[in-house]
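Rule-based calculations on the coordinates, nothing more; no lab input. If you're wondering where the values come from, they're calculated on a predicted model, not measured in any experiment. When we count neighbours, we look across all protein chains shown, and the Cβ atoms used for this are built from the backbone with ideal geometry, even at glycine.
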Amino acid sequence: MAFTLTVNGRQHSLDVEPDTPLLWVLRDELGLKGTKFGCGAGLCGACTVHLNGQPARSCSTPVEMAEGAEITTIEGLSADGELHPLQKAWVEQGVPQCGYCQSGQIMTAAHLLANNPSPDREQIVTAMTGNLCRCGTYPRIVAAVESVAGGVGQYQPAGEDA
Amino acid sequence: MAMNRRDFLKVSTSASGGLLLALNLPGCASVQTGYEPETGEWKPNAWLELTRDNDIIFTLDRVEMGQGTYTGLTTLIAEELDVAPEAIRVEFAPVAPEYRNPLFGLQLTGGSTSVASSWQPLREAGASARLMLVMAAARVWRVEPGQCKTEGGYVRHPNGLDSMPYGKLVELADKEVIRGDVPLKPRSQWKYIGRQAGRLDAEAKSTGQAMYGIDVELPDMVYAVMTRSPRYGGLAVSFNRDQVRAMPGVLDAFITERGVAVVADRYWRARKAQEALAVEWDFSEAVGLSNPDVFKHYRQAAGDDPGEDERVDGDPEAVLEKAGTLVEAEYEQPYLAHATMEPMNATAWYRDGGMEVWAPTQAPDLGRIAAARHTDLSPDDVTIHTTFLGGGFGRRLTQDYIEEAALVAYRVKVPVKLIWSREEDTRHGFFRPAMLHRMAASLEDGQLTGWDHQIVGPQILDWYVRNAAPAQYPWAPKLLYGTLGRVGLMVEGIATPKDISAIEGAIGYPYAVPNVRVRHTHTDPGVPITWWRSVGYSHNGFAVETFMDELASQANEDPVSFRLKLLESEPRHRRVLERAAELAGWNQPVPEGRARGVALFKSFGTYVAQVVEASIEQGGIRVHKVTCSVDCGQVVNPRIVEDQMTGGIVFGLTAALNGEITLDGGEVQQSNFHDYRLLHMHQVPEMVVDIVDSEEPPTGVGEPGVPPVIPALGNALFALTGKRQRRLPLKA
Ligand code: FES
Ligand code: FES
């Protein structure tokens, strides 16, 4: 079936079965590999993208449901070629370990900050807790979001000058 | 091929990580070094390439799976080359003898060995390249090399004015010959080692640009999925081939040694066709085990066979027999899955008599053997391209997923990517073995006088040898692979190093007890197993450190001072324990409703003590805080050490609170993250990591954070409730 999708501000026409998860359309039809496959069941958040500004699990979103929506992926998070402030914070804090979950983490955090520019720690944890990280980068994720949110992280990396 | 027996069976000196096959693999092409006038590229050694255009490329031969080799090993070479790590481009190594891990004789990343094994060779590689560049510049300027300095990719003239970029010197440098040893920088001159530095791969991994195995894209690529026997060892007999082949997009469907493969033009179409599959299986050779059988089997074995003595000090039997107070306990640990965030996958392309494979693998040279296994190819015909790994934890030391992609590619002759679903990844993994531990100890007036630790369960070599033994004889016909595996097992401990995967951490029992016995009852229920982050330490840590806690409480002693008294001659153990206790406020009152527990465990040469503060709230265990002190010798990147500790703690807590793979009639009952649960952010405690400042040689950090947290939490729960938990996962 033919679909028109708007991804990162660009329109794409494609022909796929309507129940194909958006995840595989983004990755394999449009070559946007930054969105990851983790569980395929809405349980991990690795595949998180924005649909009309709302976080969505693309592994569990049939492409037909995404037609007409503004879709944003990690590749389109920052429109101007600069890194998004969260991405800068991720680099500064050295958040990623294996990195596989991090696109999803950043997309979830970006949605949080878009709606609440200065969340406290509890709000951050509540917003982020559906995104799994097997490497356990959670403390750095919190610190990175807090650094952008202007909060002061209590979390002190060892060896860093206090 | 002339090669004597000693060459083959070079016994590795370190038994770190329980990875033990030290093999010499003939037959791989070596890395070409030297200067290439056409391209202006100079390779002073296997790891470095410097170009006329001032590019510096480092070939990373230990895979990056999150543990930080991409940053850490680059830092080592950058330090001696005297350039910023950020100025170096990192490429993943192909398979070549130069890139083998000297501790295993295989090109393998595991056992928390990367920094330790690369510490000397990589610094020497950087230093010798720098020296050759300096010698070349000195020759041009007619000055003494010793008077020249280097900085930021330039050689500086002694006059302080002139300088030449490395790129200008590469051709000349190639002609220089170093006589004698290459001096390494003294610690006082380090600019990058030990400095707080970020991760070189952080930006690629924060922008979706890092390429993992699952992201590989080739022209006209097709997709494959594999339906494996629900029980280990079952074989596909037949399936509804015509029906499946008629499904949209399906290109092929066939029975393989690994199950039924479905190949389609799109991944989702392959999955949908898979749903329509009806397979008839032959289970006559399959494992039909159910969970209670596993421990029944172990108990039976433990009674029938006292086990092989792995360590005996004094006369433990006699001492235990006439013990004043005899304390006994049994601990059970379940099978565990790795649950890497990136599911197993590999991409393969068979053409012109050769096979190319792209894969997230921890052991690319074993990947070649796996790819060749079910084809007419030899491992030499296989090229492996390693990508970033979305987690490894030991799972990707076993190459079954490469085997599958390759056997499909061999048939379809176009590039094919084979992806496992999460459910397949959970069910068809190779697990951390379930283990039983029987402990006994004697106390006389509060003094620990005897210790007997019986470990009951399989060893990993029995499974891994299938992968690794043929690597020893790559010219051997594949028909012999099975035989080679059996021979490999027969010579284990005699001609090859002993597999210590079941006993590591138990034989190294550090406490000063005069009578110690550690023994292993070797028995295997037939469930596939492999290395899992911290391997034998993961279960021995729980048994040893929980039992120590039981003994402290029997002796009416504080768990920290009970341990310290037995560590008089173990200064590094003592130090981390004292520091963790101090930092955690061990002697201060615990907040209302909480309790603390402690554990101390050395693994992979690294000493870690952890204090856990926990409570039980609304019927669930809540971990509030973990304080960790680590001594891993010289630190290359303190931030990565800290991340590996906190990551290890989260990994260990996940096992302690949730981790369990269970079997029913040979079928794994868990499938996805709803029933094989990982820790969520809201469950993660506050974590404090203290790193001991040390000039000892560096040791690993990827795994040692895992073992102590599991008993430390159990011990905290005992302090809280007075009830001892002897089986994992822990219950509220
Ligand atoms: S892959 Fe979509 S939630 Fe896990
Ligand atoms: S960084 Fe590896 S899963 Fe999150």
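Per-structure values
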read-out: Residue mean of other protein chain beta carbons inside 10 Å, B:674-687; value: 5
read-out: Ordering of B:204-214, B:38-48, B:183-193 by burial proxy (mean other Cβ atoms within 10 Å per residue, highest first); value: B:204-214, B:38-48, B:183-193
read-out: Beta bridges per DSSP with both ends in the protein assembly as shown, % antiparallel, nearest 5; value: 75
read-out: Cleavage-rule hits, GluC sites (Glu not before Pro), the stretch B:211-291, DSSP coil, Cβ neighbours within 10 Å at most 15; value: B:GLU217, B:GLU257, B:GLU285
read-out: Nonlocal amide H pairs with B:ALA197, under 5 Å, H built at 1.01 Å; value: B:ARG639
read-out: 5 angstrom amide H check on B:PHE92, placed H, neighbours 5+ away; value: B:LEU60
read-out: Proximal charge balance of B:VAL319 [Cβ under 12 Å; K/R count +1, D/E count -1]; value: -4
read-out: Counted charge near A:THR48, where neighbours are those whose Cβ lies closer than 13 Å (Asp, Glu -1; Lys, Arg +1); value: +2
read-out: Cα convex hull of the stretch A:43-162, projected area averaged across orientations, nm²; value: 7.9
read-out: Entries in B:LYS322/B:LYS565; B:LYS149/B:LYS175; B:LYS185/B:LYS498 that, when Cα-Cα distance is taken, lie over 27 Å; value: B:LYS185/B:LYS498
read-out: Length-normalised contact order of the stretch B:319-399 in % [C-alpha pairs under 8 Å, at least 6 apart]; value: 32
read-out: When the stretch A:85-148 is reduced to its Cα atoms, the Kirkwood hydrodynamic radius in Å; value: 11.4
read-out: The stretch B:660-732 - percent relative contact order, Cα under 8 Å, separation 6 or more; value: 20
read-out: Trypsin sites (Lys or Arg not before Pro) restricted to the stretch B:286-354 and DSSP loop, no more than 16 other C-beta within 10 Å; value: B:LYS322
read-out: Residue-wise HN-Hα coupling along the stretch A:90-107, computed from phi with Karplus coefficients 6.51, -1.76, 1.60 (Hz; x: Gly, Pro); value: 4, 5, 4, 7, x, 5, x, 9, 5, x, 5, 8, 6, 4, x, 4, 5, 5
read-out: Shielding by other protein chains, B:211-221, mean Cβ within 10 Å; value: 2
read-out: Equivalent ellipsoid semi-axes - Cα gyration tensor, the stretch B:5-195, angstrom; value: 31, 18, 15
read-out: Loop-located GluC sites (Glu not before Pro) in the stretch B:573-602 whose Cβ has at most 12 other Cβ within 10 Å (DSSP); value: B:GLU592
read-out: Fraction of beta bridges assigned by DSSP in the stretch B:595-732 that are antiparallel (%, nearest 5); value: 80
read-out: Hydrodynamic radius of the stretch A:2-76 per Kirkwood, over alpha carbon pairs, in Å; value: 11.8
read-out: Mean Cβ count within 10 Å, highest first, over the residues of peptides B:431-444, B:689-702; value: B:431-444, B:689-702
read-out: Cα centroid separation, the stretch A:42-106 to the stretch B:561-605 (Å); value: 42
read-out: Net charge over other residues, Cβ less than 10 angstrom from the Cβ of B:LEU184 (K, R count +1; D, E count -1); value: -1
read-out: Per-residue HN-Hα couplings for the stretch B:381-397 [Karplus 6.51, -1.76, 1.60; θ = phi - 60°; Hz; x = Gly/Pro]; value: 7, 10, 10, 10, 10, 8, 10, 4, 10, x, x, x, 6, x, 4, 8, 7
read-out: Chain B, relative contact order [Cα under 8 Å, separation at least 6], %; value: 15
read-out: The protein assembly as shown - convex hull of alpha carbons, volume per residue in Å³; value: 178
read-out: Least to most buried among B:SER112, B:SER615 (fewest other Cβ within 10 Å first); value: B:SER615, B:SER112
read-out: Relative packing of peptides A:26-38, B:229-241, A:114-126 - highest average C-beta neighbours within 10 Å first; value: A:26-38, B:229-241, A:114-126
read-out: Counting DSSP beta bridges with both ends in chain B, the antiparallel % (nearest 5); value: 75
read-out: Backbone HN-Hα couplings from phi across the stretch B:521-534 [Karplus 6.51/-1.76/1.60, Hz, Gly and Pro as x]; value: 8, 8, 8, 10, x, x, 8, x, 10, 7, 5, 9, 2, 5
read-out: Under 5 Å, built H, 5+ apart or other chain: amide partners of B:ASP252; value: B:VAL263
read-out: For residues of B:339-348, the mean tally of beta carbons on other chains within 10 Å; value: 4
